[in-house]
1. Would a scan of segment B:135-151 turn up a residue that is within 13 Å of chain A (Cβ to nearest Cβ) and over 16 Å from the mean Cα position of the chain (by Cα)?
2. Name the residue, out of B:Ala71, B:Ala85, B:Ala48, B:Ala39, that is under 16 Å from the mean Cα position of the chain (by Cα) and more than 14 Å from every other protein chain (Cβ to nearest Cβ).
3. Are any residues in segment A:341-373 more than 16 Å from ligand 2 (Cβ to nearest atom) and under 28 Å from A:Ser82 (Cα atoms), and if so, which ones?
4. For segment B:231-256, which residues satisfy the criterion of being buried (at least 16 other Cβ atoms within 10 Å of the Cβ) and either free of Cβ contacts under 8 Å to residues at least 40 places away in the same chain or β-branched (Val, Ile, Thr) (or both)?
5. Residues that are in contact with a Gly (Cβ under 7 Å, 6 or more places away or on another chain): which helices (runs of 4 or more DSSP H) entirely in segment A:42-109 hold 2 or more of them?
6. Enumerate the pairs (first residue in segment A:344-370 and facing chain B (nearest Cβ under 9 Å) and among the small types (Gly, Ala, Ser); second residue anywhere and crowded, with 21+ Cβ neighbours inside 10 Å and not in a helix (DSSP H, G or I)) with beta-carbon separation below 7 Å, excluding pairs fewer than 6 apart on the same chain, so at least 6 apart or on different chains.
7. Is it the case, given these coordinates, that A:Val267 is assigned to a strand (DSSP E or B) and more than 12 Å from ligand 1 (Cβ to nearest atom)?
8. Would you check which residues across segment A:271-283 are buried (at least 17 other Cβ atoms within 10 Å of the Cβ), assigned to a loop (DSSP other than H, G, I, E, B) and within 16 Å of ligand 1 (Cβ to nearest atom) and list them?
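The values are calculated or read from the model by the stated rules, or taken from the named source; none is laboratory data. Note that the coordinates shown come from a computational prediction; the quantities given were computed from them, not determined experimentally. Reconstructed Cβ throughout: ideal geometry from the backbone, glycine too, with neighbour counts over all protein chains shown.
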Amino acid sequence: MNYELPEQFAQFGDARKNGFLRVKSIKENGGKVAGTFCTFTPQEILDAAGVSPVSLCGMSEETIPAAEVHLPKNLCPLIKSSYGFAVSDKCPYTYFSDIIVGETTCDGKKKMYELLGDMKDVYLLHLPQGDREHALEQWTQEVQRFREFLEQKFGEAIPDEAIRDAARARNKERACRRRLMELQKLQPPASTGYAIYKALEGAGFYFDVNEVCKELTRLADGLESDYAAGKRPVSADAKRILVTGCPIGGVLEKTVKAIEAAGGVVVCFENCSGIKATLDDVDVDAPDIVQAVAEKYLKIGCAVMTPDSRRLALLEKLVDEYKVDGVVEIDLQACTAYTVESTTIRRKMESLGMPYMAIETDYSLSDSGQLATRLEAFLEML
Amino acid sequence: MTGIGIDIGSSCAKAAVTEDGAILFWEQMPTGWSSKDTAEALRQKLCAAGFDPVQHPCIATGYGRVVVPYAQKAVTEITCHAKGAQALFGREDLDIVDIGGQDTKVICLRGGSVKDFLMNDKCSAGTGRFLEVMANTLGMDPASMIALAAKGNDAGISSMCTVFAESEVISLIGKGEPKENIACAVVASIARKIASQASRLREAGVPAVLTGGLCEASYLQKALGEAMGAPIASCPQARYAGAIGAALLAEKLPKA
Ligand code: SF4
Ligand code: SF4
């Protein structure tokens, strides 16, 4: 099969464009693609079904006006941007997705998925709310149901062994991601946080897990040998910052870049593309592999859960392990879950004696100057 | 040691010189459209007064802090205001409210260092810009509007948003509400907004002070104190707090 490329796709930056060529060749070779939005999506099930997952999280302001035709203005920019890409056919990944997988996370996303369902084939996994005794049982059933749905949709059985193999491969990928992130524990760290984030994000567009591992390992090897040779890309005086909060792919320049331009360095990303999703592995030897997959994902801390004790516990551990000087929470405007939870995080940080600042921003650039001043002042305060 | 501080704010630029903590010189001028030219004009004034930035360490602050070519270092207005207020009011524990042209800051100074701070987000509610827009609508300047407000009764403006508040003011004018009552409502509105912002950081028993260009607007100070539930002090030199703080920090710069 040959696909004609809609014109707008040409504007994509190189990393995503190459990913796009990969996705195009997957499709041309009869492969299938699933668009995902969240770290809770059980990738192993998609892998085992021979479906390549790709993140559709909207990170650009460009498609927001198109989204606002259907969606309210005061909605999180990630939701609006993602939806805008789908309605305007501007995102090749959305365009090529055979199916879109969502979860019952925040209200805005849940309702956006309903609208998206009018344009695309959307499957929604129901996430349990928090830490009830039956949460794992319920979530295992959901993951199993998802498996059966894929079996039916694509007319092919998904054997347990395929899920185990997928879990083995993803465990390996997670280990590679962790290794790269842990290089930031060095004092001074091995890299700017910006570069690490870009690598972790870019890895999501390779599709071939082995290739991802190879690339991440190459990068980590390089950083390690440079460090051993005495190279120090980051000054020893740079204040060590941990970033937590909402997904930040769309605000990276005016937050992470600004922190690092003002003499800080992000040594740890707790949020979605960072540590929280890669911390735990799947127990590949568990008797029930579906439950083992479910269990791994249920360990993720996120403000959409109540209570969100996992995020609090993880943050406490990370500020210590990464020898953090200050915590910056980056929230997206109108994200109720995270902006409300920031009070809990602030209190927790106060109790640990850890300086903390929360910022709320969207995908426009109009507040860049002001954000830079606030971030700079926070660093001066440390 | 002598130190020079330059504070390029969005509407007003200030310079100050300190020597071993004593304030020797202060000067201000409108920022105008070119921060660069303003920085140069301040340099000439400094030189004329015998404080050449070539001979003394200099720190720039404010939103134009990066366009001061003769400063050795740029430091944010948060840190500088805190330092300046600490010196002006002689206390190590203060809650500092700075009403600037584009943004309003609340800074918690504890034991002589910044412990926490808040800055308004994109919105201009609670900033000098809000007062300017309202004063314009009333056909006067902000200082006279605040002075007039002292003679009025709060006519009630419910919206904190500059755009909506402006249309409320217009409709009050339309209804024939006396000007002083509208002015009073504008001041009450900004005082409430700032008090609610400050309440997130306020600690009982810590004195509050007002810095920035409105430090001599005594009625605003009174309204703010009432809204915050505790008197808020100020002094005429508080408009130079940022520049003074920058100068004090410059004194400590290592010799180039
Ligand atoms: S923040 Fe939570 S809901 Fe949003 S993508 Fe991440 S894990 Fe999913
Ligand atoms: S950032 Fe917040 S509002 Fe936006 S999608 Fe994630 S949880 Fe929902």
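1. no
2. The unique qualifying residue is B:Ala85.
3. Once the filter is applied, which keeps residues that are more than 16 Å from ligand 2 (Cβ to nearest atom) and under 28 Å from A:Ser82 (Cα atoms), segment A:341-373 yields A:Met357, A:Leu365, A:Ser366, A:Asp367, A:Ser368, A:Gly369, A:Gln370, A:Leu371, A:Ala372.
4. B:Ile232, B:Ser234, B:Ile244
5. Answer list for segment A:42-109: A:64-67, A:77-88, A:92-96.
6. Here the result reads A:Gly369/B:Tyr63, each pair linking segment A:344-370 to a residue that is crowded, with 21+ Cβ neighbours inside 10 Å and not in a helix (DSSP H, G or I).
7. Considered against the rule, which asks whether it is assigned to a strand (DSSP E or B) and more than 12 Å from ligand 1 (Cβ to nearest atom), A:Val267 comes out as yes.
8. Answer for segment A:271-283, where residues must be buried (at least 17 other Cβ atoms within 10 Å of the Cβ), assigned to a loop (DSSP other than H, G, I, E, B) and within 16 Å of ligand 1 (Cβ to nearest atom): A:Asn271, A:Cys272, A:Ser273, A:Gly274, A:Leu279.
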